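Below you'll find the structure, written out as structure tokens, and then a few comments.
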Amino acid sequence: MSAQETIKNQVTSHKVVLYMKGSPDFPQCGFSANTINILRACGVNEMFTVNVLENPEIRQGIKQYANWPTIPQLYVDGEFVGGSDIVTEMYQSGELQKMLQP
């Protein structure tokens with residue numbers, strides 16, 4: 001399976017998917033930590049996370065998949081939401097909380 005097929009499968013098989021540096025318990029960059037903290041503040045307890053540092057093909061492939069150059073990248077219901085800055089803005093406006101409701 002190609003990196004693009006793997007990514008498509010991941011983002012369509014889970015409600016909330018975060019491509020990040022590190023893990024939720026040990027984020028390896030401030031932007032990834034910020035995004036995890038926001039998701040937790042929104043009450044998201046179950047999310048599928050991918051540590052891009054463990055897989056160079058996924059790390060490069062996710063940038064091409066969404067045509068977005070930075071990591072982290074958040075997907076909800078198979079749709080690309082954005083990176084840390086966009087997630088922060090959406091959280092502050094209340095838009096992210098609405099999107100993440102069951």
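The values are calculated or read from the model by the stated rules, or taken from the named source; none is laboratory data. In this text the structure is predicted, and so the values were computed from the model without any measurement. All Cβ positions, glycine included, derive from the backbone under ideal geometry; neighbour counts span all protein chains shown.
Just a few scattered comments:
- Cβ separations smaller than 7 Å between residues 6+ apart or across chains give the following pairs from region 1-21 residues that are aromatic (Phe, Trp, Tyr) to residues that are not in a loop (DSSP other than H, G, I, E, B): 19/50; 19/52; 19/62; 19/73.
- Residue in region 6-15 that is under 18 Å from residue 90 (Cα atoms) and out of contact with any Lys or Arg (no Cβ under 9 Å at 6 or more places or on another chain) present: yes
- Scanning region 11-35 for residues that are part of a helix (DSSP H, G or I) and touching a strand residue (DSSP E or B) at 6+ places or on another chain (Cβ under 6 Å) yields 11, 32, 33.
- Qualifying residue in region 48-62 (condition: outside any helix (DSSP H, G or I), hydroxyl-bearing (Ser, Thr, Tyr) and either closer than 22 Å to residue 25 by Cβ or modelled with pLDDT of 95 or more (or both)): yes
- Set side by side, the residues 32, 2 differ, and just one is at pLDDT below 95 and out of contact with any Leu (no Cβ under 7 Å at 6 or more places or on another chain), which is 2.
- Residue match in region 45-58 (condition: surrounded by 15 or more Cβ atoms within 10 Å (Cβ to Cβ) and in contact (Cβ under 8 Å) with a residue 60 or more places away in the chain): no
- Top-ranked residue of region 63-102 - restricted to ones that are more than 16 Å from residue 29 (Cα to Cα) and part of a strand (DSSP E or B), ranked as farthest from the chain's Cα centre (by Cα): 79
- Residues within region 47-58 that are closer than 21 Å to residue 86 by Cα and out of contact with any Leu (no Cβ under 7 Å at 6 or more places or on another chain), tallied: 4
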